[in-house]
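Here's the structure, in structure tokens; my notes come after.
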Amino acid sequence: MSLIEELTWRGMYHDSMPGTAEHLATNAPITGYIGFDPTAASLHIGNLATIMLLVHLQRAGHRPVALVGGATGMIGDPSGKSAERNLLDEATLRHNQAGIQAQLEKFLDFSEGPTGALVVNNYDWFKEIGFLGFLREVGKHLTVNYMMAKDSVQKRLGNQREITFNQLSYLKSEIEVLLSTVKAATVSQQKEVIDKVEYLYGRLDMISALYENNPRIEQKVDEVMRQLGYDTIEAKAGISYTEFSYQLLQGYDFVHLNKTLNCTLQMGASDQWGNITTGTELIRRLANAEDREAKAYALTGQLITKADGTKYGKSETGTVWLDPALTSPYQFYQFFLNSADADAPRLIRVFTLLSEPEILAIEAEHAAAPHLRILQKALAADVTTRVHSAEATEAAIAASQVLFGGGDLASLDEATLLDVFAGVPHLRVLRAEMTELNTAAFLSDFTLHKIFPSKGEARKMIQAGGVSINREKVASPDAPVAALQHLAGKYLVVQKGKKNYFLVELV
């Protein structure tokens with residue numbers, strides 16, 4: 001089966017340049033690459049779908065190259081962004097590159113040979129290129145009109161006309177609310193607030209520009225800006241030359257790899273089509289100027305979205321990372337386990353290497369008993385094992401069973417225990433004051449009535465057999481709390497009825 005046929009049945013194929021299928025079929029092994037943005041120290045679920053394009057490229061007998069954008073990461077890709085991102089320094093980018101490369105090594109075969117994978121960093125060639133030299137040798141080959149026509153640029157420019165004067169009061173109130181929260185916010189929250197405020201100031205600036213010939217509106221905008229201390233924060237609007245030039249830099253990546261590695265294919269998600277075709281066009285024009293032949297092709301994969309059309313890759317707690325320090329194996333497993341029935345068939349095709357007959361068999365078994373979530377379990381186990389390990393998957397499965405009446409609570413380490421009960425009330429009590437307590441008092445007065453409103457209510461439910469601590473039924477309301485075994489040395493899991501859980505931490 002060819003690469004495009006494989007991607008097509010998996011629902012991963014979006015588009016390719018004319019001649020790409022023939023090039024893949026008649027020139028094996030070819031070298032193809034995908035660029036990864038090093039603005040974080042870890043890749044995430046969205047990146048994993050792109051990594052799978054490289055995995056299938058290698059499985060089809062070709063050579064995958066992962067380009068970590070150490071240089072372009074300093075600029076920022078405008079694709080899909082409504083505002084310009086913060087720029088990172090070189091040390092941070094190098095740190096992020098190291099983390100990304102370690103993750104890529106879990107999916108690709110880097111052994112010697114014609115199909116062995118490579119990781120390259122575009123900073124290694126851009127650092128040797130001067131600004132004037134780049135403009136002279138590269139920039140002159142693409143017109144501004146060509147670059148302006150790209151969707152990523154047009155969408156950013158179009159944002160300048162999304163706001164009308166009628167939204168001024170809303171913007172003002174939103175900025176005031178954000179500014180009032182800065183002092184009480186954490187450091188990371190403060191950054192988010194400041195970024196949002198800067199963006200809103202930029203929107204005000206856009207309104208001013210749109211109505212520059214209307215004195216009444218100009219005066220009103222100026223008044224709002226002065227009231228909000230506009231002069232203290234630099235406005236952000238439209239697209240800067242820095243981000244506008246991104247497509248030229250990414251295009252040159254393809255030129256460099258084409259010359260040095262005979263790389264003839266660039267792949268990426270469908271929103272990267274404009275940047276990718278800039279590269280193929282630049283290769284064609286440079287080759288024509290130098291009177292030589294050069295091959296360059298493009299292939300894009302489908303963006304991964306949920307059945308309702310929303311972007312896939314975030315949980316209730318935020319982005320799902322591949323780094324276990326940022327998203328634990330348990331949380332990672334749960335993310336896939338909780339996939340909707342409408343999404344799971346596509347996800348198992350994209351994120352696993354299971355064959356079509358294997359997937360169809362799993363889907364048939366799932367259809368016979370949907371409540372067992374067989375499809376989601378197969379998906380979650382497969383992906384968690386490849387991203388983390390078989391051991392991590394086993395631990396995640398064991399932890400997942402805890403809330404459903406199975407699994408041994410005592411076997412969970414502290415980090416996993418906290419993951420499992422992340423969504424339940426977390427109470428902290430003084431260990432030293434618990435020695436003389438009975439269970440009824442502990443579950444009411446001592447825990448500030450967060451579990452039971454009174455000792456009487458606690459006694460009644462305990463006597464009815466409706467209370468468990470650490471998965472053990474509480475036999476008597478007068479049972480001493482001091483006799484209880486502590487999980488991870490300092491936790492008690494209280495279950496009230498069938499579904500109400502509380503995590504009590506002894507401090």
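The values are calculated or read from the model by the stated rules, or taken from the named source; none is laboratory data. Quantities reported herein were computed from a predicted structural model and do not represent experimental measurements. Neighbour counts are summed over all protein chains in view; Cβ atoms, including those assigned to glycine, are modelled from backbone coordinates with ideal geometry.
Inspect all residues belonging to segment 272-291 and state whether any of them is within 30 Å of R346 (Cα to Cα) and assigned to a strand (DSSP E or B). No, segment 272-291 contains no residue that is within 30 Å of R346 (Cα to Cα) and assigned to a strand (DSSP E or B).
Scanning segment 24-47 for residues that are touching a helix residue (DSSP H, G or I) at 6+ places or on another chain (Cβ under 7 Å), of a type in the set (V, I, T) and either at pLDDT 90 or above or surrounded by fewer than 17 Cβ atoms within 10 Å (Cβ to Cβ) (or both) yields a total of 3.
Looking only at residues of segment 100-114 that are surrounded by fewer than 16 Cβ atoms within 10 Å (Cβ to Cβ) and in contact (Cβ under 8 Å) with a residue 40 or more places away in the chain, we find that the one that is farthest from N47 (Cα to Cα) is P114.
To keep it simple, each residue is scored yes or no on (1) within 11 Å of F336 (Cβ to Cβ); (2) in a helix (DSSP H, G or I); (3) of a type in the set (V, I, T); (4) in contact (Cβ under 8 Å) with a residue 60 or more places away in the chain.
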position	(1), (2), (3), (4)
L360	no, yes, no, no
E365	no, yes, no, no
H371	no, yes, no, no
K377	yes, yes, no, no
D382	yes, yes, no, no
E391	no, yes, no, no
A399	no, yes, no, yes
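With farther than 28 Å from D419 by Cβ, buried (at least 17 other Cβ atoms within 10 Å of the Cβ) and either in contact with a Gly (Cβ under 9 Å, 6 or more places away or on another chain) or modelled with pLDDT of 90 or more (or both) as the only criterion, which of L360, L286, L261, L299 stands out?
Selected residue: L299, the only one of L360, L286, L261, L299 that is farther than 28 Å from D419 by Cβ, buried (at least 17 other Cβ atoms within 10 Å of the Cβ) and either in contact with a Gly (Cβ under 9 Å, 6 or more places away or on another chain) or modelled with pLDDT of 90 or more (or both).
The strands (runs of 3 or more DSSP E) found entirely in segment 427-507 that carry 1 or more residues being among the acidic types (D, E) and out of contact with any helix residue (DSSP H, G or I) (no Cβ under 9 Å at 6 or more places or on another chain) are 500-506. Residues that are more than 19 Å from Q97 (Cα to Cα), assigned to a loop (DSSP other than H, G, I, E, B) and aliphatic (A, V, I, L, M) do occur in segment 23-36. Here the condition is being buried (at least 18 other Cβ atoms within 10 Å of the Cβ), of a type in the set (D, E, K, R) and either in the same structural domain as F110 (by TED's automatic domain parsing) or modelled with pLDDT under 80 (or both); of E84, E90, it holds for E84 alone.
Counting only residues that are assigned to a helix (DSSP H, G or I) and of a type in the set (S, T, Y), segment 1-22 holds 2 of them.
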